[in-house]
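The values are calculated or read from the model by the stated rules, or taken from the named source; none is laboratory data. Everything numeric here is computed off the predicted structure, so don't read it as measured data. Cβ: placed from backbone, ideal geometry, glycine included. Neighbour counts: every protein chain shown.
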Amino acid sequence: MIYSRRIQSILDLKLPWMDKILDIGCGNGEFTVALKDSFGARGLYGIDIGVEAIKQARERGIEMFDYDLNMKPLPLESNMFNLVFAGEIIEHLMTPDNLLEEIWRVLKPSGYCIITTPNIASWNDRILLLMGWQPYSIPTHSRYRGVGTFLSEARNTTIRQPRHVSTTGGCGLPHIQFFTVRALRALMKAHGYKIVKVIGNPADEFTFPMNKVLRRIIIGLDKWVSVLCTPLASGITIVAVKCDK
């Protein structure tokens with residue numbers, strides 16, 4: 001299986017052996033199984049709210065829980081997991097503090113937490129904001145896709161979508177929290193985590209319309225910025241350890 005650079009960077013982490021893994025927002029469980037293969041876990045657990053995704057994840061042998069992450073506590077025992085992964089989840093929650101508190105609770109002492117999220121201070125968002133355009137990582141959640149964005153307006157490609165179609169990306173939920181590298185680091189430290197590693201991630205894709213040459217240039221630039229200057233990367237991955245508060 002070929003994964004995006006963001007996902008592969010997580011699978012390539014040199015972490016201790018993991019007995020039990022929890023994947024928060026695991027979808028159909030494909031990546032959860034990849035975590036198991038990379039870290040040697042025996043127990044796989046997942047949380048999601050999609051009925052079909054939960055069904056597929058259970059078929060992959062994952063013990064699943066249908067759970068609203070804005071509620072607490074998680075329906076899991078304390079000190080249970082060696083690793084908790086929450087990929088592209090924290091930006092969708094009303095209460096990110098609750099998420100970090102609950103991850104802390106269910107982690108074993110010295111257990112690992114991995115959080116990924118878009119970076120509101122990315123190089124491309126900074127340029128767009130400077131020019132007065134709506135950043136692509138911060139959609140307006142309108143039924144009119146591309147409202148206020150540069151290339152969509154320039155090419156008159158803002159279109160009306162059916163009422164049931166989400167304009168917010170893969171998981172279908174709006175971004176209601178926005179993080180810089182510094183802010184997410186500080187928030188996790190405030191909750192008692194020790195930051196082990198911060199990784200800058202290129203965007204998984206650029207969906208706005210552009211020609212092939214421009215697309216190659218932007219993708220290449222995005223990869224180099226993510227490697228050379230983490231605070232300007234399109235996405236953030238933070239690896240942290242549960243320490244005594």
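Details
- Identity of the residue in the range 28-47, among the aromatic types (F, W, Y) and over 17 Å from E88 (Cα atoms), that ends up nearest to the chain's Cα centre (by Cα): Y45
- Unmet criterion (only one of (1) at pLDDT 90 or above; (2) not in a loop (DSSP other than H, G, I, E, B)) for R6: (1)
- Number of the condition not met by D97 [criteria: (1) of a type in the set (D, E, K, R); (2) in contact with a strand residue (DSSP E or B) (Cβ under 7 Å, 6 or more places away or on another chain); (3) in a helix (DSSP H, G or I); (4) closer than 25 Å to M188 by Cα]: (2)
- Pair list, Cβ under 9 Å, 6 or more apart: the range 73-86 residue in contact (Cβ under 8 Å) with a residue 24 or more places away in the chain and among the hydroxyl-bearing types (S, T, Y), other residue surrounded by 11 or more Cβ atoms within 10 Å (Cβ to Cβ) and in a strand (DSSP E or B): S78/L107
- Screening the candidates L69, L76 for the property of being of a type in the set (A, V, I, L, M, F, W, C), part of a loop (DSSP other than H, G, I, E, B) and under 20 Å from P174 (Cα atoms) yields one hit, L69.
- Among residues of the range 193-223, those that are closer than 30 Å to E102 by Cα and modelled with pLDDT of 85 or more, counted: 11
- Residue check, N28 modelled with pLDDT of 90 or more and either crowded, with 22+ Cβ neighbours inside 10 Å or not charged (D, E, K, R) (or both): yes
Quick grid of which residues meet (1) at pLDDT 90 or above; (2) loosely packed, with under 13 Cβ neighbours inside 10 Å; (3) among the aromatic types (F, W, Y):
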position	(1), (2), (3)
P135	no, no, no
L151	no, no, no
A154	no, yes, no
R182	yes, yes, no
H191	yes, no, no
V225	yes, no, no
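- Looking across the range 1-21, just one residue is within 21 Å of Y67 (Cβ to Cβ) and either in contact with a Ser or Thr (Cβ under 9 Å, 6 or more places away or on another chain) or hydroxyl-bearing (S, T, Y) (or both), and that is I21.
- Only a single item in (1) modelled with pLDDT under 75; (2) closer than 30 Å to I238 by Cβ; (3) in a helix (DSSP H, G or I) is not met by P139, and it is number (3).
- Matching residues, the range 108-127, being surrounded by fewer than 19 Cβ atoms within 10 Å (Cβ to Cβ) and either of a type in the set (A, V, I, L, M, F, W, C) or at pLDDT below 85 (or both): A121, W123, I127
- Hey, M18 out of contact with any Asp or Glu (no Cβ under 6 Å at 6 or more places or on another chain), among the hydrophobic types (A, V, I, L, M, F, W, C) and surrounded by fewer than 19 Cβ atoms within 10 Å (Cβ to Cβ) or not: no
- Of the set (1) out of contact with any Ser or Thr (no Cβ under 9 Å at 6 or more places or on another chain); (2) among the small types (G, A, S); (3) crowded, with 22+ Cβ neighbours inside 10 Å, all apply to G40 but (3).
- A residue that is of a type in the set (V, I, T), under 17 Å from the mean Cα position of the chain (by Cα), surrounded by 21 or more Cβ atoms within 10 Å (Cβ to Cβ) and in a helix (DSSP H, G or I) occurs nowhere in the range 48-59.
- With respect to the stated conditions, E88 fails to be surrounded by fewer than 21 Cβ atoms within 10 Å (Cβ to Cβ), farther than 27 Å from I195 by Cβ and modelled with pLDDT of 90 or more.
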